[in-house]
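First up is the structure itself, then whatever we jot down about it.
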Amino acid sequence: MTRDSESGGDGLSGNVFHGPAPFQLGDRNVQINHIHQAPPQRRPLVLAGAAVTTREELAAAVRGDWTAARRQFFEGVATTGAPSDGWLSLLTWLHELDGLTADDLTAQIELIDHRLRDDALPADLKLLHLLGWLDPAGEAVWRGTVVSPESLSEALRIGRLRDSGPERELYRDLCAGGLLDALAGFTVLSALRGIQQTWDEVWDSWRQLAARVPDLPPEAREWAGSGARGLLLAALLPYSESRAWVRAGCESVAPPPPGEIEWYDWLRARDGGSDTPVGWLVRADFTAFAAAQAEQLRRQAAVDRQNQRMSTMLDATSALRERQWADYERRRLSPIARLEAAVRAALWLGAWGAATIPVAWIVWGWARPDIAVTLSWHLLALTLAAYAGCLPRVMRLGAAYQPPLRRVREWAERARADRGSVRRGLIRAGIVVGFVLIFGVLHHDVGVIVTTVLLAPLLAVAFHFARIGALHDWADDHQERLRDHRSRRAGSGGVPQSIARGVRSPSARVRADAYQAYLRQFTGLDHGGQDEADRENGRR
C-alpha cells in the first residue's frame, strides 16, 4: 500500500479492488475491489456442421435435422459401452450454459438425470424432451414433423384406420406411450399434461369392460383391443378439432333399436354415459359395429322369410304335383284305360301284320297261291305272338300306351327325316322279304309240316322280344313324365336334380337355363291336356 499524496492526510490507498463499498480502517480509508478477469471462452456445440452456442440455436438445429441430432447425441455408443462423444459433448455444453434461472436449473437437472440418462427411453423421446427444455415456446417437432392440435386430431382420425402414412406413424408412436408427456413440455401443447396417464387408465378400464361383453362379434372384439385406443384419446384431448370429428362420427351412425343387439345394449348400460370417453367410443365405433350387425341380421331375416315362402310354395307345389300324379296314375291304370290300350295294341300290330301279308302275295301269289296263303297265315301267327308278348306290358302302361294311330303321317315324316329310323325300317323290310322267300322255298321243297315246325322258334322269338320291350312300347311321354316325377322327388325341396345341378354350374348360360326351368316349376302342373305345348311344358 502507498500513502495518498493527493489527500494530504493519513489515508492509505492499497491495491484497488472493485468491491461493493469501501470501509474505514482506523484513520485510513481502504477500498477492496474484485480483481477484474475476463470470463472463460466456452466452446460451441457443433451439430450437422453448424456451431451453436445458445439454447435457441440448438433448438433450431434439432428442428432442422432431427436425424442427425438423434444419431450424434443418443445413438453413437462406443463398442466398449462407454458414453459416446456426442453425448458427452452435449452434457458438457448443457452444464456450461449461463443465464439460467433457478427454474431452468431445476428443469435441467430433471431433464438430464431422469430423461436423458434413462436407458429405457427411446432416442427420439430423449431428443423431444431436450427440444422441449431448450425452446418450450417454439414449435413441437417430432421426428422432423411439426406436431399441433390439428395434426394430433388427424392422426387419431385417419391413422387408426390406415396401414401406412404419416398419420399412421404418429398414431403408432402415440400408442407406444410417453409421447404425450414429452409433447406437453411445449407451450402450444401444454394442455396435454396428465393426459397420458389418464389415457392409460381409461384404456385399461375399457379393456376390462370389453373382455366381459357377452357375444361380442370377433371383428368388434379385435377392434376393442387395438383400434379403439385412438378414439379414447380423441375423446380425452382438450381440443375442439378432435371432439368435432368424434361427435360427427357418433351422429353419422344410427344405433340399432333397443333389444335388437344384446351386446350393444349391454355396453350402453355400462359405458358411463355419453360424456365419458368410453361412452363416446361405444356411440361411435361400436354403434357402427352394432348397426352393421343389425343390418346383416335384418337381411338374413328377409332371406329366411323369402326362403320360407319359397319352401312353403314348393311344398304346396310338390303336394299339388303328387295329387296330380296320383290322378294321372289312376286314370292311366283304370280298367277302361287298359282295355283301350289293348285295343290300340291290336290295331297297331294288326296294321303292321296287314302290311306284311301283301309281301307274300307279291313274291309268291302270281306263281304259287297256295304258298302265299300259307305264308300269310305264318305272318299272322307272328303278329299274334308279338301281340301276346307285348300285351302284359301294354296292360301295365294303360293309357300311357299311345301308338301313333291318329298321327301316322306325322310319325312317318319324322321317321323319314331320321336316318337311323330309315335304316332300321329297311332292315326290317328285308327281314320280312327274306322270311317270305326262305319259307316259301322250304314250303315248296319239304312241305308245310316242316315249315310249320321251323316257324315255332320264330314265334317264340317274336313273343320274347315283344315281352322284354324290344319292340317300341309307344310310352315316351309317360317315361319322361316318370323320370321328371322321380327326379323331383329325389331333388331338394321338390326341385329336379337337373335344375339343382344347373344352378351350381360354372357356365352362366347353364345357370340361366336352370333358373328358367326353376320358374317353370310353378306352371304347367296339369298333364291332362292334349295340346303338345302343354305336354311339353308339363314335362319340363
Among the listed residues V202, V213, which satisfies the condition of being farther than 30 Å from W133 by Cα, touching a residue at least 40 places away in the same chain (Cβ under 8 Å) and surrounded by 14 or more Cβ atoms within 10 Å (Cβ to Cβ)? V213
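Out of all the residues in the range 321-333, is one or more on the phi > 0 side of the Ramachandran plot and loosely packed, with under 13 Cβ neighbours inside 10 Å? Walk me through it before giving the result.
Kept after step one, since they are on the phi > 0 side of the Ramachandran plot, are these residues of the range 321-333: none.
Looking for residues that are on the phi > 0 side of the Ramachandran plot and loosely packed, with under 13 Cβ neighbours inside 10 Å, one finds none in the range 321-333, hence no.
Suppose we filter R414, R423, R428, R406 for residues that are outside any helix (DSSP H, G or I) and modelled with pLDDT under 80; which single one remains? Reasoning before the result, please.
Details: R414 fails: outside any helix (DSSP H, G or I); R423 fails: outside any helix (DSSP H, G or I); R428 fails: outside any helix (DSSP H, G or I).
Just one listed residue meets the conditions, R406.
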Against the definition (more than 45 Å from the chain's Cα centre (by Cα), more than 15 Å from F186 (Cβ to Cβ) and modelled with pLDDT of 85 or more), how does L94 come out, yes or no? yes
When you check S190 against the structure, is it of a type in the set (S, T, N, Q) and within 26 Å of the chain's Cα centre (by Cα), yes or no? no
Any residue at all in the range 174-190 that is in a helix (DSSP H, G or I), modelled with pLDDT of 90 or more, surrounded by 17 or more Cβ atoms within 10 Å (Cβ to Cβ) and of a type in the set (G, A, S)? yes
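Right, A386: at pLDDT 80 or above, assigned by TED's automatic domain parsing to the domain that holds A429 and either more than 60 Å from the chain's Cα centre (by Cα) or hydroxyl-bearing (S, T, Y) (or both) or not?
Working: at pLDDT 80 or above: yes; assigned by TED's automatic domain parsing to the domain that holds A429: yes; either more than 60 Å from the chain's Cα centre (by Cα) or hydroxyl-bearing (S, T, Y) (or both): yes.
Yes.
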Could you list, ordered by first residue, the pairs with Cβ atoms under 6 Å in which the first is in the range 129-157 and in the same structural domain as E57 (by TED's automatic domain parsing) and over 22 Å from W199 (Cβ atoms) and the second is of a type in the set (G, A, S) and surrounded by fewer than 21 Cβ atoms within 10 Å (Cβ to Cβ), at least 6 apart or interchain? W133/A107
Right, L339: in a helix (DSSP H, G or I) and either farther than 20 Å from L458 by Cβ or of a type in the set (S, T, Y) (or both) or not? yes
Residues to consider are L97, L121, L134; find the one that is of a type in the set (A, V, I, L, M, F, W, C), more than 24 Å from G230 (Cα to Cα) and out of contact with any Leu (no Cβ under 7 Å at 6 or more places or on another chain). L97
Residues (free of Cβ contacts under 8 Å to residues at least 12 places away in the same chain, under 16 Å from R344 (Cα atoms) and not hydrophobic (A, V, I, L, M, F, W, C)) located in the range 398-416: R406, R407
Looking only at the range 228-246, decide whether some residue is in the same structural domain as L189 (by TED's automatic domain parsing), crowded, with 17+ Cβ neighbours inside 10 Å, of a type in the set (A, V, I, L, M, F, W, C) and not in a helix (DSSP H, G or I). yes
The range 271-291: number of residues that are under 20 Å from E222 (Cβ atoms) and either part of a loop (DSSP other than H, G, I, E, B) or in contact with a strand residue (DSSP E or B) (Cβ under 7 Å, 6 or more places away or on another chain) (or both): 1
Would you call A301 surrounded by fewer than 11 Cβ atoms within 10 Å (Cβ to Cβ) and either on the phi < 0 side of the Ramachandran plot or in a loop (DSSP other than H, G, I, E, B) (or both)? yes
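The values are calculated or read from the model by the stated rules, or taken from the named source; none is laboratory data. Quick caveat: nothing in here was measured; it's all calculated off a predicted structure. Neighbour counts are summed over all protein chains in view; Cβ atoms, including those assigned to glycine, are modelled from backbone coordinates with ideal geometry.
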